[in-house]
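Taking it in order: structure first as structure tokens, then the write-up.
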Amino acid sequence: MTLTKKIAHQSTYGYIIALVLISVLPINGKDSFINKTYFTASEIRLDYLLHSILLIPWMLLRILYEKTDLRIFFQWLAIGVLLAIAVELIQYILPYRTYNIIDLMANIIGVFIGLLLWAVIAIASTRS
């Protein structure tokens with residue numbers, strides 16, 4: 001295994017572990033500051049924004065791997081969406097966490113924002 005591939009694997013596993021820990025630790029309950037903070041211009045809860053930001057890196061991690069064909073790309077995207085769903089299912093099961101369908105949508109939006117960023121980086125790297 002090359003050093004680049006080893007770093008890619010370690011980064012991916014570390015990200016997934018961090019995501020699971022954030023999902024299971026009792027850091028954000030129904031009455032927390034994050035759930036009660038809104039952006040006044042758009043009335044979007046800070047919680048929803050953080051859910052999206054949390055899943056953006058998933059697609060960007062794919063850049064660390066050497067080869068990406070279309071089949072692998074769509075597999076990575078599908079795993080990202082499943083990861084977004086799993087985060088909310090974990091929170092649904094835990095009694096001290098709260099499940100919210102909008103959180104699930106924010107997670108999936110984060111994956112697709114990561115997809116757009118990945119595409120921009122891929123296009124920019126092929127042009128140079």
Practice prompt. Of all residues in segment 57-102, count the ones that are charged (D, E, K, R), touching a Phe, Trp or Tyr at 6+ places or on another chain (Cβ under 7 Å) and farther than 16 Å from Gly14 by Cα.
Written response: 1
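For segment 13-128, give me every one of the helices (runs of 4 or more DSSP H) that falls completely inside it and has 1 or more residues that are at pLDDT 85 or above and hydroxyl-bearing (Ser, Thr, Tyr).
Values: elements: 33-36, 46-61, 70-93, 101-127.
Passing ranges, in order: 46-61, 70-93.
Condition first: more than 14 Å from the chain's Cα centre (by Cα) and either among the small types (Gly, Ala, Ser) or closer than 16 Å to Ala18 by Cα (or both). Now tell me which residues in segment 90-112 satisfy that. Spell out how you get there, then give the answer.
Here is the first cut: in segment 90-112, the residues more than 14 Å from the chain's Cα centre (by Cα) are 90-102.
The answer is Ile90, Gln91.
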Worksheet item: In segment 90-128, what residues are farther than 22 Å from Leu25 by Cβ and among the hydroxyl-bearing types (Ser, Thr, Tyr)?
Response: Ser125, Thr126, Ser128
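The values are calculated or read from the model by the stated rules, or taken from the named source; none is laboratory data. From a predicted model like this one, the values you see are computed outputs, not experimental measurements. Here the Cβ is made from the backbone with ideal geometry for all residues, glycine too, and neighbour counts use every protein chain on show.
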